[in-house]
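Read-outs: derived from the displayed coordinates by stated rules, not from any lab. Because the structure is a prediction, the values reported are computed rather than measured. Ideal geometry is used to build each Cβ from the backbone, glycine not excepted, and the neighbour counts take in all protein chains shown.
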Amino acid sequence: MAYRPEPAPFEEELAGLDALEVKTPRARSRARRIWSSLWPKFAAVGIVLLVWQILVWAHWRPKYVFPGPGAAFRSLWDDVANGRILRATGVTMERAAIGYGIALLIGSAIGIAVARVAVLRAAIGSLITGLQTMPSVAWFPLAIVVFRLSETAILFVVVLGAAPAIANGLISGIDHVPPLLLRAGRVLGARGMKAYRHVILPAAFPSFLGGMKQGWAFAWRSLMAGELLVVIGGRAGLGFTLDSARLRQDYPGLMATMIVILVIGIMIDSLLFGVLERRVRRRWGLIEATS
Amino acid sequence: MSLRPRARETTEPDLHMGSGSAVSLTSVSKVYGAGAEAVHAVDNVSLDVEFGEFLCLVGASGCGKSTLLNMIAGLDKTTNGTVEVRGGRPTLIFQEPALFPWLTVERNVDLALKLRKIDRADRKQVVGSLLEMVHLTGFGSKQPHELSGGMRQRVAIARALAQQAEILLMDEPFGALDAMTRDLLHDEVERLWQDTGFSIVFVTHNVREAVRLADRVILLSSRPGRIAAEFPVDIPRPRRIESPEVGALATEITARLREEVKHHGVQT
């Protein structure tokens, strides 16, 4: 079975040429890499906190209405310590996961269907883009009328917010698969469903990931709007915590909740999608291995 | 699954004897579009490729070289005439390596085996020996973008070999490579062809390359693509692209090619 090619005069030249032409990634320690990507972020956060504090020092608004970072973080610490913020975060993240999960399934199914079936594309292709431009908050009055003040109403709007972006990402990914790769796949025997599995979907993945990332941003916004508008007893999410802090005139608490909302949004965007995106781009050779 | 190469000199060619040629084109035409705007890409081409033959098609732009290959590969339908292919579905190598950028070198080759429903247990070993055949042992876990153009094209060749097709169609496969890499790949392809006993149809616009590689060179005329002339190449192998014999025949074919092109200019 093992095949041993007979040594030929050209083989040494070939090996020499190969060695010259292969890219060798520059070694840089992991710690250095992480640090060089982190310090600008820390610096940015520091500047924001500083500007915030300066506004407070300058008495831009009365201190009880617009508390400084110190008061906000003390309040955040208390809320973390007494478990309130964690419970609210748990409720919100559960809704986010369910809503985004459903959006992912529906968005992918619609994306594939529209990319595959010409009639569907003609019928709803532009509608999907249209849906994406519709502010998802505008769905809430209808959702509340139809589903009452329920989890379903919130999920409905979250899904409507996220699914079109996900579908669009997949559709444009499938549309932009290089024809050469399709032909190469066909020569190898990947036709029909196999072409989708082995060629089209993997090739469409970077664009799909972009759609997923955008979909997450929409889902998170819709969810916050939903939690402000749709209040369900015993199910206090971050949106409700935010609004009730305002009603209780607990302004440090309001600031603390906003920080949590912002941080969760950023973490998912950069830690989950950002890392995935970089991995894909590196694997495809779209960025240098060292950057 | 056996990957054992058949040595051309030692195996019995009568395996295929009597069953005709590897590829038979009979009065094949291809017309794109219709009416006044119809373009005759290929017109009435009849051609046989023998089993184990290395055939090169040369011609200027618009001679329908790629169209012919696509029709043999089954990627394109004929307008008229028939294409007969024996010995399984042919495999096609493009000018670009067309590797899948999301897969490693190994997995690119592996996919061809997977699509042929080869057992996972056997695949690893076969992939290893295929990469060895194209001298890329040790590069299996690289991503395609980490390799040079010539190495990528060799991965594409390994992937094509994984299909165990007996007919290899090559569409200007080395057109985008530098001269030194190209010369080395000529040696590589010639050796693989001698070891495996494939039939190869190789399309190129480089006449010297055709003479360096082929048993027979077919010259195509342009618009419509027709067979203009046929040149058997009796130069003993191994050949060098810079050898005087190769140069002499290439000069002769080039002169004929120029005539074809000139003639075309007079017509229009």
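Of all the stretches in chain A, which is the longest one without any exposed loop site, taking trypsin sites (Lys or Arg not before Pro) in a DSSP loop (any state but H, G, I, E, B) with at most 15 other Cβ atoms within 10 Å?
Counting only loop sites that pass the neighbour cut-off, the longest clear stretch is A:64-147.
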(request) Please report A:S207, A:S36 as a ranked list, fewest other C-beta atoms within 10 angstrom at the top and most at the bottom. (result) A:S36, A:S207
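When you look at the Cβ of every residue in B:181-192, what mean number of other chain Cβ atoms sits within 10 Å?
Average neighbour count from other chains, rounded to a whole number: 3.
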(message) How would A:L209, B:L219, A:L170, A:L286 line up from fewest to most surrounding beta-carbon atoms within 10 angstrom?
(response) A:L286, A:L209, B:L219, A:L170
(request) Check the straight Cα-Cα distances from B:K30 and name the aspartates and glutamates below 14 Å, setting aside those fewer than 8 residues away within the same chain. (result) B:D43, B:D76
(request) Filter the cross-link list B:K77/B:K114; B:K117/B:K142; A:K213/B:K117 down to pairs whose alpha-carbon distance in this structure exceeds 32 Å. (result) A:K213/B:K117
(request) Averaging sequence separations of C-alpha pairs under 8 Å and six or more residues apart, then dividing by the length of the stretch B:215-268, give the relative contact order as a whole percent. (result) 32 percent
(request) Would you tell me the mean number of C-beta atoms belonging to other protein chains that fall within 10 Å of each C-beta in B:86-98, as a whole number? (result) 3
(request) Would you calculate, for chain A, the mean residue ellipticity at 222 nm contributed by helices, counting each DSSP H stretch of 4 or more residues as -39,500 (n - 2.57) and dividing by all residues, to the nearest 500? (result) -24500 deg cm²/dmol
(request) Take each complete run of DSSP H in chain A, measure how far its Cα atoms stretch along the helix's own axis, and keep only those covering 15 Å or more with mean Kyte-Doolittle hydropathy at least 1.6; list them. (result) A:251-267
(request) Determine the principal axes of the Cα atoms in the stretch A:48-157, then give the extent along each, sorted from largest to smallest and rounded to whole angstroms. (result) 62, 30, 27
(request) Show which aspartates and glutamates lie in cross-link reach of A:K194 when reach means a straight Cα distance below 18 angstrom and same-chain residues fewer than eight apart are skipped. (result) A:D175, B:D110, B:D119
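So if a site counts as exposed when it's one of the GluC sites (Glu not before Pro), its DSSP state isn't H, G, I, E or B, and it has at most 13 other Cβ atoms within 10 Å, what's the longest stretch of chain B without one?
Looking at chain B, B:10-241 is the longest stretch - no exposed GluC sites (Glu not before Pro) with at most 13 other Cβ atoms within 10 Å.
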(message) Within 10 Å of each Cβ in A:178-187, how many Cβ atoms from other chains are there, averaged over the peptide?
(response) 6
(message) Per residue, how big is the convex hull of the protein assembly as shown when only Cα atoms are used? Give it in Å³.
(response) 224 Å³
(message) Need the C-alpha centroid separation for the stretch B:66-100 versus the stretch A:47-72, integer Å.
(response) 71 Å
(request) Please give the FRET efficiency for B:A179 paired with A:M258, using the beta carbon to beta carbon distance and R0 = 60 Å, rounded to the nearest 0.05. (result) 0.40
(message) Whole angstrom only: what separates the Cα centroid of the stretch B:150-167 from the Cα centroid of the stretch A:81-129?
(response) 41 Å
